[in-house]
2 protein chains.
Amino acid sequence: MAKEIERKFLVAGDGWRRGGHSSMRLRQAYLASTDAAAIRVRIVDDRDAFLTIKSAGKGMSRDEFEYSIPVADAEAMLALRVGEMIEKIRHAIPCADGDLTVDEFGGGNEGLVIAEIELPDEACDPALPDWIGAEVTDDRRFYNASLSARPFSAWAPADRAAILGSGG
Amino acid sequence: MAKEIERKFLVAGDGWRRGGHSSMRLRQAYLASTDAAAIRVRIVDDRDAFLTIKSAGKGMSRDEFEYSIPVADAEAMLALRVGEMIEKIRHAIPCADGDLTVDEFGGGNEGLVIAEIELPDEACDPALPDWIGAEVTDDRRFYNASLSARPFSAWAPADRAAILGSGG
């Protein structure tokens, strides 16, 4: 079991594209999402697959149990999902204070770009690049489970515009 | 992925206790149960643990994905369950035509005794011992997910009596 502490931000502009970084393609879906936990299947670059149980604790800190599984199992399990499949390109951005990733969503969440930083503890206050926008760690609309149940393309126009205006 | 074909029966009398058989203690709980799948954590004899995804297809044949996980993970995941934990002693009964098990439930399902036979294909018509009672394969009340959401002890007295009368 890993304790996961992460903060989420909107992304302001394209500054994060400067400089080299590695990218991977993620396809993922939820088998279920309850008050206590979310159960996720993820396929990375069609090559690796993982089954992950995340506790549904609010805020930065959540328990996470992750297991490597055969890709063929994961492909078959996608058919058992609730909500939409989530597709995104995840970019790993070099950062002094922690693992910083930028997720560019596709499919029903096209247009959404979210940065995540993983921290060693909740007290850590990292120096963030200038392209980091508003924090959305506690905004449930940006939970991946929410984005699969109600993708960005289905949001009200005013809500979409607010995000695209403050974000990218 | 395994294709699981099994039939379930009530148990009439104690005849199955004659003769030697091995037994193990199961503790299990559902992390979630949707229209498409049930996600189960199971701990066997406090020594082995498994995370299992079963598709929710009706009847005998269901897809099943099972992964061995650390017991400590499984113990922590029990706290993320929906419904009640299911406790049972599973007895493996020697049988010519397939793997026959008898589950003696405890906890909230105390009193319930269910036999299951796993078959090579749906056409197989096994010779069954005389202590096998009414078939309940398609009776959703006996799905383990149902027994965790609504344990036998919570059934209406008439329903309980009907089962105990025809079963044991």
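Just to be sure, is A:ASP63 facing chain B (nearest Cβ under 8 Å), modelled with pLDDT under 95 and outside any helix (DSSP H, G or I)? Here the answer is yes, as A:ASP63 does meet what is asked.
Residues that are under 18 Å from the mean Cα position of the chain (by Cα) and closer than 17 Å to A:ALA37 by Cβ were ranked within the range B:68-87; the one that is nearest to the other protein chains (Cβ to nearest Cβ) is B:VAL82. From the residues in the range A:1-55 that are assigned to a loop (DSSP other than H, G, I, E, B) and within 14 Å of chain B (Cβ to nearest Cβ), which one is modelled with the lowest pLDDT? Restricting to residues being assigned to a loop (DSSP other than H, G, I, E, B) and within 14 Å of chain B (Cβ to nearest Cβ), the top hit is A:MET1. The number of residues in the range A:99-150 that are of a type in the set (D, E, K, R) and assigned to a strand (DSSP E or B) comes to 6. For the range A:109-147, a residue qualifies if it is closer than 25 Å to A:ASP46 by Cβ, of a type in the set (Gly, Ala, Ser) and surrounded by fewer than 19 Cβ atoms within 10 Å (Cβ to Cβ), and exactly one does: A:GLY111.
Scoring A:ARG40 on the criteria (1) under 17 Å from the mean Cα position of the chain (by Cα); (2) of a type outside the set (A, V, I, L, M, F, W, C); (3) within 28 Å of A:ALA162 (Cα to Cα) leaves a single failure, condition (3).
Considering B:GLU110, B:GLU122, B:GLU104, the condition of being charged (D, E, K, R) and over 18 Å from B:ARG25 (Cβ atoms) is satisfied by B:GLU122 alone.
For the range A:113-168, a residue qualifies if it is closer than 24 Å to A:VAL82 by Cα, among the charged types (D, E, K, R) and touching a Phe, Trp or Tyr at 6+ places or on another chain (Cβ under 6 Å), but none of them does. Against the test of being surrounded by fewer than 15 Cβ atoms within 10 Å (Cβ to Cβ) and assigned to a helix (DSSP H, G or I), the options B:ALA92, B:ALA72, B:ALA96 yield a single qualifying residue, B:ALA72. For the range B:37-53, indicate whether the set of residues that are out of contact with any Leu (no Cβ under 6 Å at 6 or more places or on another chain), more than 29 Å from A:VAL41 (Cα to Cα), surrounded by 17 or more Cβ atoms within 10 Å (Cβ to Cβ) and of a type outside the set (A, V, I, L, M) is non-empty. Within the range B:37-53 (the criterion being out of contact with any Leu (no Cβ under 6 Å at 6 or more places or on another chain), more than 29 Å from A:VAL41 (Cα to Cα), surrounded by 17 or more Cβ atoms within 10 Å (Cβ to Cβ) and of a type outside the set (A, V, I, L, M)), the answer is no, since none of the residues qualifies. Among (1) touching a residue at least 24 places away in the same chain (Cβ under 8 Å); (2) within 15 Å of B:ASP14 (Cβ to Cβ); (3) in contact with a strand residue (DSSP E or B) (Cβ under 7 Å, 6 or more places away or on another chain); (4) of a type outside the set (Lys, Arg), which single condition is B:ASP130 missing? So B:ASP130 meets the others, but not (3). Of note, B:GLY165 satisfies the criterion of being surrounded by fewer than 17 Cβ atoms within 10 Å (Cβ to Cβ) and away from chain A (no Cβ under 14 Å).
The values are calculated or read from the model by the stated rules, or taken from the named source; none is laboratory data. Quick caveat, the model's predicted, so the values are computed rather than measured. In this analysis, Cβ positions are derived from the backbone assuming ideal geometry, glycine residues included, and neighbour counts consider all displayed protein chains.
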